[in-house]
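Everything below concerns the one structure shown next.
The values are calculated or read from the model by the stated rules, or taken from the named source; none is laboratory data. Values in this document were obtained by computation on a predicted structure and should not be read as measured data. Cβ atoms come from the backbone with ideal geometry, glycine included; neighbour counts cover every protein chain shown. Calculation scope for accessible area: heavy atoms of the full protein, side chains included, ligands and nucleic acids excluded. Shrake-Rupley method; radii C 1.70, N 1.55, O 1.52, S 1.80 Å.
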Amino acid sequence: MGQRKHACHGAPRGRRSEGASCRTQPHIRQPSACNGPADKRSALRREGWDRQEDGHTLGAFLSASRSPSAQNGWYCVYLFRSDGSGVYLALAHGSTSFLNGMFVPRADGQLADLLTWARTTLGDALLRDPRVQSKIDLGEGPGKLAKPYEKSTVAGIWYPADNLPDEAQLTADAVMFAGLLGQLYCAQDQRRMPGEIAPEIIEAVEAVDEIAKPLMGRSRAGQGRGLSGPERQAVERRAMELAKSILEREGFTVEDHSATASYDFLASKNGCKTVVEVKGTTGGLGPIMLTANEVTLHQSGTINNALFVVHSIDLDRHGPQPIASGGTVHRLQPWRLNPDQLKPMAFEYALLAE
């Protein structure tokens, strides 16, 4: 969330209910968790969800851009048990995902993968307080949301109705969970969460949408989390740096043609020339963007070619210019484009004069 601290709130006020109540509405400040300058999109907001709406939720704190609703994204939420015997402070994920331009319910296996990723990302941070539980039990109630909440919760703290902690402890717990949430947001911004769409794919979709449907506004998939121009350039330079170093260690002479051709490197060795395409991403290994010219070139079958995808690149936004480091190389050589793996994202339609 950056160098500035952001205001968020814990335990928002809702209607008081028999057996459980929220004593206070503490004001918290979220610890800085991510590299890069803070902005308004990163600030946590409070949501005052009424318990009567679904029988469980009292309120939540979350990022307005990363979790635009209770159905998607990571957030912290206060959840009543069905019998009113107490309330949980929970770190949870929404039960939908973005697929083919819309939000659809996540399968149980997807949710399990998300929770495994979150617990691995947070690591020992979940073990520092013995009160933090890996599972919650909301009981059997008339509503249908208890089980989805349970399946999507990473960690929770139980507050019995007859022994609620004081304001200082409630505030401390909310601050702790805001910090955990910030760590997940930071990792999510690097696009390493299971099923996450790489930022360059999202930017391309949003660019097409903006041109073809200007009244639609920004795509919900990106939520404003794309990379800036300098950040994209830093990531691409890092990817090319790694690819070039590997080729040179293998005895290739490497020429950079990225500014003038539909490929990045021309690598020569023993009289044989290889056309090399390099792609870099802060996300995990997944779909990559190709231009029409790149596809035409590498589908021709008349060249020796190679593809280097450098994924999981780290991006430091603290300084005046972003700095990219790290990265894991995935190499295909020779690279044979499979038409079945190509997905058009936009079309040009020629209008003929009548």
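In summary, GLY327 fulfils each of the numbered conditions (1) touching a residue at least 60 places away in the same chain (Cβ under 8 Å); (2) over 23 Å from GLN188 (Cβ atoms) with the single exception of condition (2). Selection of the range 146-184 for residues being open to solvent by 20 Å² or more (accessible area, probe 1.4 Å) and touching an Asp or Glu at 6+ places or on another chain (Cβ under 8 Å) yields GLU150, LYS151, PRO165, MET176. Taken as a whole, the condition of being part of a strand (DSSP E or B), at pLDDT 90 or above and closer than 26 Å to ALA207 by Cβ does not apply to VAL254. If you check ILE288 against the conditions, is it β-branched (Val, Ile, Thr), modelled with pLDDT under 90, within 19 Å of ALA243 (Cα to Cα) and open to solvent by 40 Å² or more (accessible area, probe 1.4 Å)? So ILE288 fits the description; yes. When GLU250 is tested against (1) of a type in the set (Asp, Glu); (2) open to solvent by less than 60 Å² (accessible area, probe 1.4 Å); (3) over 23 Å from the mean Cα position of the chain (by Cα), just one condition goes unmet, and that condition is (2).
Table: residues versus (1) at pLDDT 90 or above; (2) loosely packed, with under 14 Cβ neighbours inside 10 Å.
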| site | (1), (2) |
| --- | --- |
| SER258 | yes, no |
| SER268 | yes, no |
| GLY283 | no, no |
| ALA292 | no, yes |
| ALA324 | yes, no |
